1. Have a look at 55, 77 and point out the one that is open to solvent by less than 40 Å² (accessible area, probe 1.4 Å), modelled with pLDDT of 95 or more and charged (D, E, K, R).
2. Here is a list of conditions, (1) small (Gly, Ala, Ser); (2) within 25 Å of residue 208 (Cβ to Cβ); (3) open to solvent by 40 Å² or more (accessible area, probe 1.4 Å), and residue 45 meets all of them except one; can you say which number that is?
3. Can you confirm whether the stretch 118-133 contains a residue that is crowded, with 20+ Cβ neighbours inside 10 Å, under 15 Å from the mean Cα position of the chain (by Cα) and closer than 21 Å to residue 66 by Cβ?
4. Residues that are of a type in the set (Ser, Thr, Tyr) and more than 13 Å from the chain's Cα centre (by Cα): find the helices (runs of 4 or more DSSP H) completely inside the stretch 1-91 holding 1 or more of those.
5. If you go through the stretch 102-115 one residue at a time, do you hit one that is surrounded by fewer than 16 Cβ atoms within 10 Å (Cβ to Cβ), at pLDDT 95 or above, of a type in the set (A, V, I, L, M, F, W, C) and part of a loop (DSSP other than H, G, I, E, B)?
6. Could you please find all residues in the stretch 136-165 being surrounded by fewer than 17 Cβ atoms within 10 Å (Cβ to Cβ) and under 26 Å from residue 203 (Cα atoms)?
Amino acid sequence: MSIAENIHRIENELAGSTARLCVVTKTHPVEKLQEAYEAGARCFGENRPQEMAAKQPQLPADVEWHLIGQLQTNKVKLLAPFVHTIQSIDSLKLLKEIEKHAAANNRVINGLLQFHIAQEETKSGLSLAEAEEILTSDDFKQMQHVRLTGVMGVATFTSDEVRLRQEFRALRGHFEHLKATYFASEPAFCEISMGMSGDYRLAVEEGSTLVRVGSAIFGSRG
């Protein structure tokens with residue numbers, strides 16, 4: 001199947017759900033991103049800031065760039081002029097850096113709080129208590145150039161559907177708690193980014209609004 005056929009198949013699957021597609025373009029050349037764009041994809045997810053910053057000028061201006069990998073504070077300035085959403089916010093320190101560089105570029109950057117939902121220790125992310133500590137801090141309350149729009153999580157790499165559903169439900173529970181407690185009057189806080197190539201169908205059933213799909217579109221990398 002071609003890139004376009006895969007994108008159209010997934011878009012058709014998502015039709016009627018709350019979820020939209022974020023095409024994970026990491027490690028793929030600009031030509032393949034252009035193919036995805038021509039097939040109608042507009043949300044592209046990259047893992048590495050340098051790679052994203054190199055590709056961005058080569059693609060149309062209406063691409064919505066999402067950073068989905070871990071972001072070091074010293075790389076924020078590479079993305080601040082154009083990034084739409086940073087899905088991997090896992091510390092107040094990172095938020096403060098995004099605020100600083102977004103302000104310098106006269107922009108507001110969207111962000112998702114990344115939660116640790118997997119049983120694998122290698123996955124990064126916040127606990128609910130850590131997220132609440134950020135949201136109740138004076139530093140966060142004064143920010144004007146970062147807009148938190150939801151949550152993100154990476155589930156355990158497993159074929160165990162029961163476990164995956166538990167992890168997706170945990171993330172949805174975190175979202176609902178934060179929405180009710182801190183963002184009840186903010187309609188922009190609406191995203192639950194969960195689900196990847198192997199498990200996005202389950203994630204959509206559990207309430208995902210953004211699925212991050214790469215290998216199911218481009219084929220698995222050798």
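The values are calculated or read from the model by the stated rules, or taken from the named source; none is laboratory data. Please read these numbers as outputs of a predicted model, since none were measured by experiment. Ideal geometry is used to build each Cβ from the backbone, glycine not excepted, and the neighbour counts take in all protein chains shown. Side chains are part of the model used for accessible areas, which takes the heavy atoms of the whole protein and leaves out ligands, DNA and RNA. Shrake-Rupley method; radii C 1.70, N 1.55, O 1.52, S 1.80 Å.
1. Details: 77 fails: open to solvent by less than 40 Å² (accessible area, probe 1.4 Å).
When all the criteria are applied, what remains is 55.
2. Looking at each condition in turn, residue 45 falls short on (3).
3. yes
4. On the way: elements: 3-14, 30-38, 49-55, 76-79.
Qualifying helices (runs of 4 or more DSSP H): 30-38.
5. yes
6. 147, 156, 157, 158, 159, 160, 161, 162, 163, 165
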